[in-house]
1. Only one of (1) loosely packed, with under 14 Cβ neighbours inside 10 Å; (2) in contact (Cβ under 8 Å) with a residue 12 or more places away in the chain fails for TYR111. Which number is that?
2. Tell me yes or no: at least one residue of segment 11-25 is open to solvent by 30 Å² or more (accessible area, probe 1.4 Å), among the small types (Gly, Ala, Ser) and under 15 Å from the mean Cα position of the chain (by Cα).
3. Kindly provide the set of residues from segment 25-55 that are in contact with a Ser or Thr (Cβ under 7 Å, 6 or more places away or on another chain) and among the hydrophobic types (A, V, I, L, M, F, W, C), ordered by number.
4. Which residue pairs have Cβ atoms under 7 Å apart, sit 6 or more places apart or on different chains, and have a first residue in segment 84-107 that is over 16 Å from ARG71 (Cβ atoms) and of a type in the set (D, E, K, R) and a second that is open to solvent by 10 Å² or more (accessible area, probe 1.4 Å) and outside any strand (DSSP E or B)?
Amino acid sequence: QVQLVESGGGLVQAGGSLRLSCAASGRTFSNYEMGWFRQAPGKEREFVARISRYGLSTYSDSVKGRFTISRDRAKNTVYLQMNSLKPEDTAVYYCAATGGFGGLEPSDYDYWGQGTQVTVSA
């Protein structure tokens, strides 16, 4: 069992930056593949970024070049550094984990955090 707790969300102006954190419980954190998803009001949950157990990362086209996912194995934490934020990035951001293959779909992940709100004003 893995428990995930996100933090770092908030209100920021367009062009600003935020760093989201996802703290994971469990001693096998290094074996999990991690992902970040987001969900805006009235929209489906969408893939943002993922990082494999080997440290390989993948990004959605909408955030590529602006967002960076990373993991600190010593702290059992995954980060999402978000730069050059746009109003369309406004959403609840969720951290997810899986012991299997962490793909681009929400159904690829077994564990979810409670979400953290990110609001970008124009």
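The values are calculated or read from the model by the stated rules, or taken from the named source; none is laboratory data. Note that the structure is predicted; figures quoted are calculated from it, not measured. A quick note on method: Cβ atoms are made from the backbone with ideal geometry, for glycine too, and the neighbour counts reach across all protein chains shown. Accessible surface is based on the protein model in full, side chains and every heavy atom, while ligands, DNA and RNA are left aside. Shrake-Rupley method; radii C 1.70, N 1.55, O 1.52, S 1.80 Å.
1. All conditions pass for TYR111, except number (1).
2. Yes: one or more hits.
3. ALA40, PHE47, VAL48, ALA49, ILE51
4. LYS86/ALA14
Residues are listed down the side, and each one gets a yes or a no for (1) among the polar types (S, T, N, Q); (2) closer than 14 Å to GLY8 by Cα; (3) out of contact with any Leu (no Cβ under 9 Å at 6 or more places or on another chain); (4) at pLDDT 95 or above:
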| residue | (1), (2), (3), (4) |
| --- | --- |
| TYR79 | no, yes, no, yes |
| MET82 | no, yes, no, yes |
| VAL92 | no, yes, yes, yes |
| PRO106 | no, no, yes, yes |
